[in-house]
Structure formats: C-alpha cells, structure tokens
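Single-structure report; data block below.
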Amino acid sequence: MAILSNTCQYAIRASIFLALNGGDEAKIGIKKIAEELDIPAPFLSKILQNLVKDKILSSTKGPHGGFGLAKDPHDISMLEIIQVIDGNGLFEDCLIGLRSCKEKGHDVVPCPMHRKFRPISNQLYKLFQKESIGSLAKEIKEAEGKIGI
C-alpha cells in the first residue's frame with residue numbers, strides 16, 4: 001500500500017529527475033522525462049502543469065521548450081508537491097473514512113484511529129516538510145546508479 005497517490009509519486013520522481021538532469025536555465029522535454037521515468041507523456045504533462053501553476057516548476061513552449069525547476073531544488077520540499085497533488089488529506093482526513101469524522105470534524109469527536117494515527121501523521125508531515133527534492137537528488141546521485149528513479 002502506498003501512502004502517496006501514483007500521481008504524487010510521479011510528480012516527485014519527475015521533480016527529482018529535473019533536479020538531476022536540468023541546469024539553471026535548461027528545459028527538458030516531456031517526451032524525454034516520460035520515457036526515462038516510464039510514465040505516459042500526456043498524463044505526466046498534466047501533472048507537471050499543476051506544478052507549473054503552483055510555481056514549483058517552470059515550462060516553455062516551442063522546439064527547445066520543456067520543463068525545469070522554478071527554484072532551487074533544496075527549496076522545494078516533498079510536502080509542497082504533496083499538497084499540490086494530493087492535498088492535505090493524509091494529514092487531516094479520517095484514516096478509515098468514518099462518517100462521524102466527516103460530519104463533526106475529527107478534532108471535536110475523533111474516531112479511535114484519529115487518536116492513534118495523529119502522532120504518525122504529524123511525523124510524516126515533518127518528514128515531508130524536511131525532505132527537499134535537492135537532498136533526495138543528491139542522495140540518489142551519490143548512490144551512483146544503485147537507486148533508480
């Protein structure tokens with residue numbers, strides 16, 4: 001079971017790819033990114049456009065166009081990408097989808113899972129906030145091909 005949606009995983013992987021392969025002003029075409037990451041290009045393009053809209057990535061159209069990071073990869077947290085793609089549901093919604101949590105709000109009358117999962121979701125939030133695309137790219141680069149994106 002994945003904690004993050006496939007869409008969110010693709011967004012993070014593509015951002016890491018851009019951090020590893022893009023330069024300061026260089027743009028990488030959607031076909032190349034999609035091929036390298038084995039993600040359908042039309043689907044990936046829609047995902048990356050969401051990141052462009054939120055100023056995490058930049059894009060240019062035309063023959064030499066493509067996608068690039070809009071800011072330093074060390075200034076892009078995993079949390080930023082998660083919030084754009086998946087929202088805050090992992091950290092706020094009822095883990096098991098109980099109606100009482102949706103109707104009254106889990107802070108008023110939390111279900112048994114909220115009390116148990118709250119410390120874990122807080123830890124996940126802090127982890128995703130701390131981890132940057134730049135630090136992940138650096139660790140992947142240092143693994144010298146032993147970690148694939």
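Every number in this text was worked out from the coordinates using simple rules, so none of it is lab data. The structure displayed is predicted, hence computed values, not measured ones. FYI the Cβ positions are ideal-geometry reconstructions off the backbone, even for glycines, and counts take in every protein chain you see.
In table form, for the structure just shown:
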| read-out | value |
| --- | --- |
| Listed residues Pro40, Met113, Leu69: farthest to the positive end of the dipole of the chain (Cβ charges) | Met113 |
| Amide H partners (placed H, <5 Å) of Leu69, local residues excluded | Ser58 |
| The chain - mean residue ellipticity at 222 nm from DSSP helices (-39,500 (n - 2.57) per run, n ≥ 4, rounded to 500) | -17000 deg cm²/dmol |
| For the chain, size of Cβ-based charge dipole, Lys and Arg +1, Asp and Glu -1, in debye | 380 debye |
| Evaluated over the chain, the Cα radius of gyration and Dmax, each in Å | 17.4, 56 |
| Between 0 and 90°, nearest 10: helix 112-130 axis offset from the chain longest Cα axis | 20 degrees |
| P(r) tail fraction, segment 70-149 - alpha-carbon pairs more than 19 Å apart, % | 51 percent |
| Whole-angstrom gap from segment 133-147 to segment 110-128, using each part's C-alpha centre | 28 Å |
| Contact order relative to length of segment 6-142, as percent, for alpha carbon pairs under 8 angstrom and 6 or more apart | 29 percent |
| Distance-filtered residues of segment 68-82 - backbone nitrogen under 20 Å, label point 7 angstrom along Ile147 Cα→Cβ | 69, 72-82 |
| Crossing angle, helix 41-53 versus the chain [Cα axis fit, 0-90 degrees, rounded to tens] | 70 degrees |
